[in-house]
Structure formats: C-alpha cells, structure tokens
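Engineer: Pasting in a structure now, in structure tokens, and then I'll have a few things to ask.
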There are 2 protein chains.
Amino acid sequence: MSPTSAIAALQQALKCLPGVGPKSAQRMAFHLLERDQDGAREILVSLAHALKTVKHCSRCNNFSVTELCNICASSHRNPGLLCVLETPADLESVEQAGIYKGMYFVLMGHLSPLDGIGPDELSIRQLIQLLESGQINEIILATNLTVEGEATADYIGDIARKRDVKVTRLARGLPMGGELEYMDQGTLSQAFEGRREY
Amino acid sequence: MSPTSAIAALQQALKCLPGVGPKSAQRMAFHLLERDQDGAREILVSLAHALKTVKHCSRCNNFSVTELCNICASSHRNPGLLCVLETPADLESVEQAGIYKGMYFVLMGHLSPLDGIGPDELSIRQLIQLLESGQINEIILATNLTVEGEATADYIGDIARKRDVKVTRLARGLPMGGELEYMDQGTLSQAFEGRREY
C-alpha cells in the first residue's frame, strides 16, 4: 500500500462518521497521524472494546454490556412507567434533567419508510412483548416533534391503546427562555391550544 | 467496564479529533455502534494500518511509507525548485491545481512559540541540510498568509538567503471570482501595491 493510499483509506473510513465530509476526513487523518498518535491509539482501543462488548439491553433496547442495563436492573425506578425514546442520546438528556424515575424503551431511530426503517428495525416486537407483560400502566411517548417522530408516536400509541395501556405524550409549548417574537407559528398555536389555568 | 463507561471511553477518545466536541463525539459513538459497525471496523483497520506504516519522507518530510515519497523519488520533477508548505493538505491542494512541477518541503505546522512549536518541531534542520546540499536554486515560500505563516516564511527566508538560495513568496492579491465590495482592506491594499502592467 502506498503512503497516499494508506492515508486515503483512513480518510475514506473516517467519512462514515456523521457530519464528516472529504475535507474534514483529511484534516482528521492528518491530525491523528501527525499531531495526536496517542489519541489515535485511544480511538483504536476504545472503539475495538466498544464494538466487542456493547450490545442491547434485552428489556429497554438501549446499549448495554450486560443482559439487563443498569436502569432496567435498578430497583429504585417505577416499573409501571415506560418512556419511549428515539435514541440513547435522548435518554441521556432526560436522565441528566433528573426528573424521570420510570423505565425506558429506546427505539434506536424512528419510522422512516423511505430509508427502509420500518417496525422491525425499531424492535417494535420487543416493545409489544413489554406492553403485553402487564407491568406497564402508562407509556410516555417522547419521540421528537418532527414528522418522523410524530408518525412513530402515532404508530406506537395505537399499539399501546389496543393493549389497554394509558398513552401520554410530552407537553408542547414554549421552551424555557423562549421569546414569542422568535417562535414559529406551530409552536405558538400549540402554546395557545394547550394553555393552562394560572 | 460498564456499558456507559465503554461508550464514554469511546466518546472521550473521539473528542481528540479536530472540531469534535462532546455532542459530536456522542453522536459519532452512537452512529458507529448502532448504524454503521462496518464503518467502525473499517476505521479500526485503516487507522491501525496507517499508524503502523505511515512515516515521514526523509527528504521532504511529507507522510510516506517508504524512505523517499513518490514525489521525491520521481525523475519528472525539477529538483532545483523547492516549495515550502505548512501541511500535507496544502501540498495536495497545490498538486491538484497541477501547475507546479518542482519538489516540496512540508513543515507539518508553523512557528508558534506560545504552543511550544519552534524550529525543532518543524524539522528546520532537515530543511537546512537540503538547502546546503547545493541542489536548490529557488525556494518558494508557500506558507499560509496568517500571522504564524508569515512569521514562519520570514524565518525560513532568512535561512535560505544566508545560503545564497533565491527566495520567492506566492503572489498576493484578489482571489479568482473575488468581488472588491467584499474584500478586506489588507487584500485590497496588497492588490494595489502589487498591480501589474496590463
């Protein structure tokens, strides 16, 4: 392999990262080889380790190295509440807010037929088993408020209602620090519709 | 290692990449583990291979897997012309433009005393040896037109002049497609100063 093709192969590989195009990949490759070989070795070790050990929790579908993840194995959480999220990043945001003490189910994506992502890709069967186990009293739909997130919430809401599980969705309205002047019409109309006594 | 810490270690490692902060690192880690394990394996293979094989060319200091890189080993280039650049990315830009057929010297950075980058870190000794070999008629300073790039050009220009090598610097002026309305003062004043008969 020539020098250029060894670096070209690395650049090509780095382009699989989200948000990384040819120029960024080139910059990253040069940086790793010239300025930060220790960092490069850390990426090698941690990536290999994560690829080998990280699987999915058999209950909530989140990343886990054990059969059950820490949250599902915890006895300090309300087992009757199930919050359905799109990604592990969403779960971490909710956990960091520290206001939710129920269980989770992570879809690892949203319905997107055009990209070939249907119910099977989102482990919906695993979710149905959980809903049919009789442990869940309420399912909180916490998918994103995007077109795909809403469609996914609709789909899962129907499934849960058929199994007599109470279905809720996160509140819509103005975000903290939001200024009316800069809000979009959709948010404003939902804030008016959902207004509460004060 | 817990699931979170295996992923956290990967995120931490990815943050060494230029332009990657905590949020991007999280997104990349989840993407690699969930959506693109093949891509992750390609990064592993190509990064390990590049770290093992890529060294520096003993003549031009550019990346190379052989003692001499392809350009330095080529007999089709003018050995009396030496273009001094900051990075391999700069070299690739010049090569892609296809207008230069001399040799190169890649500094792998620029002088930056505050970051601890002095002449030794830029392989200046290797450059001096090359200048003293008597093969070089003209040295073209092609460092960036930034403060650090200019200081580096000044420093190397002095070294070359002392060894009776002709020193040139890339032309300054308006870039192709440039509109005067949007040019900064520095560029405009250099364009006026360097005006040529037409």
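The values are calculated or read from the model by the stated rules, or taken from the named source; none is laboratory data. These numbers were taken from a predicted model, which means no experiment stands behind them. FYI the Cβ positions are ideal-geometry reconstructions off the backbone, even for glycines, and counts take in every protein chain you see. To get the accessible areas, we keep the full protein, side chains included, count just its heavy atoms, and leave off ligands, DNA and RNA. Shrake-Rupley method; radii C 1.70, N 1.55, O 1.52, S 1.80 Å.
Engineer: Points 7 angstrom from Cα along the Cβ direction at B:LYS166 and B:TYR182: gap in nanometres?
Structural biologist: 3.7 nm
Engineer: When DSSP beta bridges are limited to those with both residues in the protein assembly as shown, what percentage is antiparallel, rounded to the nearest 5?
Structural biologist: Among the beta bridges of the protein assembly as shown, antiparallel pairing accounts for roughly 20 percent.
Engineer: Per the helix-only calculation at 222 nm, which mean residue ellipticity applies to chain B, given -39500 (n - 2.57) for every DSSP H run of n ≥ 4 and division by its residues, nearest 500 deg cm²/dmol?
Structural biologist: Dividing the helical sum by the residues of chain B leaves -13000 deg cm²/dmol.
Engineer: Kindly give the distances from B:GLY194 to its copy-mates, label point to label point, with each label point 7 Å from Cα along Cα→Cβ, as nm values to one decimal ordered shortest first.
Structural biologist: Result, one decimal in nm: 5.8.
Engineer: Still on this model: Which percent, to the nearest 5, of DSSP beta bridges fully inside the stretch B:69-169 are antiparallel?
Structural biologist: Of those bridges, close to 5 percent are antiparallel.
Engineer: On to the next question. Of B:GLU150, A:GLU86, B:GLU197, which has the most accessible area and how do the rest follow, probe 1.4 Å?
Structural biologist: So the residues, ranked largest to smallest area, are B:GLU197, B:GLU150, A:GLU86.
Engineer: What are the radius of gyration and Dmax of the stretch B:69-169, computed over its Cα atoms and given in Å?
Structural biologist: Just the Cα atoms of the stretch B:69-169 yield Rg and Dmax of 12.9, 40 Å.
Engineer: Cut-off 10 angstrom, C-alpha nodes, Gaussian network model of chain A. Which of A:SER112, A:SER123, A:SER46 fluctuates the most?
Structural biologist: Maximum fluctuation in the GNM of chain A, among the listed residues, is at A:SER46.
Engineer: What does the structure give for A:50-56 when I average, per residue, the other chain Cβ atoms found within 10 Å of the residue Cβ?
Structural biologist: Per residue, the number of nearby Cβ atoms from other chains is 6 on average.
Engineer: Where nothing but the Cβ of Lys and Arg (+1) and of Asp and Glu (-1) is charged, how large is the charge dipole of the stretch A:69-169 around its Cα centre, in debye to the nearest 20?
Structural biologist: 500 debye
Engineer: Can I ask one more? Give me the orientation-averaged projected area of the Cα convex hull of the stretch B:102-141, in nm², one decimal.
Structural biologist: Taking a quarter of the hull surface, the average projection is 3.0 nm².
Engineer: At R0 = 22 Å, how high is the FRET efficiency between B:GLN129 and B:ASP154 if r is their beta carbon distance? Nearest 0.05 is fine.
Structural biologist: E between B:GLN129 and B:ASP154, to the nearest 0.05, is 0.60.
Engineer: Let me know the mean shielding of B:166-179 by other chains, meaning the per-residue number of their Cβ atoms within 10 Å of its Cβ.
Structural biologist: Partner Cβ neighbours, averaged per residue: 0.
Engineer: Enter the mean number of other protein chain beta carbons within 10 Å of the beta carbon of each residue in B:188-197, as an integer.
Structural biologist: 0
Engineer: Which residue of chain A is nearest the rotation axis onto chain B, counting by its Cβ, and what is the distance in whole Å?
Structural biologist: A:LEU44, 3
Engineer: Normalise the Debye intensity by I(0) for the stretch A:1-102, one equal point scatterer per Cα, no solvent, then take log10 at q = 0.15, 0.24, 0.25 Å⁻¹ and round to two decimals.
Structural biologist: Each listed q corresponds, in turn, to -0.80, -1.25, -1.32.
Engineer: With +1 on the Cβ of every Lys and Arg and -1 on the Cβ of every Asp and Glu, and nothing else charged, how large is the dipole of chain B about its Cα centre, in debye rounded to the nearest 20?
Structural biologist: Charge dipole, chain B, about its Cα centre: 440 debye, nearest 20.
Engineer: Charges on Cβ only, +1 for Lys and Arg, -1 for Asp and Glu, centred on the Cα centroid of the stretch B:69-169; of B:PRO119, B:VAL84, B:LEU107, which one is farthest towards the dipole's positive end?
Structural biologist: B:VAL84
Engineer: To the nearest whole percent, what portion of all C-alpha pairs in the stretch B:3-53 is separated by more than 14 angstrom?
Structural biologist: Roughly 56 percent, once rounded to a whole number.
Engineer: In the calculated pair distance distribution of chain B, what percentage of Cα-Cα distances lie above 24 Å?
Structural biologist: That fraction is 56 percent.
Engineer: Let me ask you something else. If each label sits 7 angstrom from Cα along the C-beta direction, how far apart, in nm, is A:TYR182 from its counterparts in the other copies?
Structural biologist: Sorted ascending, the copy-to-copy spacings read 2.5 nm.
Engineer: To check you understand DSSP bridge types, tell me what percent of the beta bridges within chain B (both residues inside) are antiparallel, rounded to 5.
Structural biologist: 20 percent
Engineer: Under a Cβ-only charge scheme (Lys and Arg +1, Asp and Glu -1), can you give me the dipole magnitude of the stretch A:3-53 about the Cα centre, in debye to the nearest 20?
Structural biologist: 180 debye
Engineer: I'd like the distance separating the alpha-carbon centroids of the stretch A:118-159 and the stretch B:47-120, in whole Å.
Structural biologist: With the stretch A:118-159 and the stretch B:47-120 each reduced to a Cα centre, they are spaced 55 Å.
Engineer: While we're here: From the label point of B:ASN144, set 7 Å along Cα to the beta carbon, how far off in nm is each other copy's matching point, shortest first?
Structural biologist: 3.2
Engineer: Between B:LEU51, B:CYS72, B:ALA191, whose Cα lies farthest towards the positive end of the dipole of the protein assembly as shown when Lys and Arg beta carbons carry +1 and Asp and Glu beta carbons carry -1, centred on the Cα centre?
Structural biologist: It is B:LEU51.
Engineer: Averaging over all projection directions, find the projected area of the Cα convex hull of the protein assembly as shown and quote it in nm² with one decimal place.
Structural biologist: 28.1 nm²
Engineer: Roughly how many nanometres apart are two label points built 7 Å out from the Cα toward the Cβ at B:THR53 and A:ALA73?
Structural biologist: 4.2 nm
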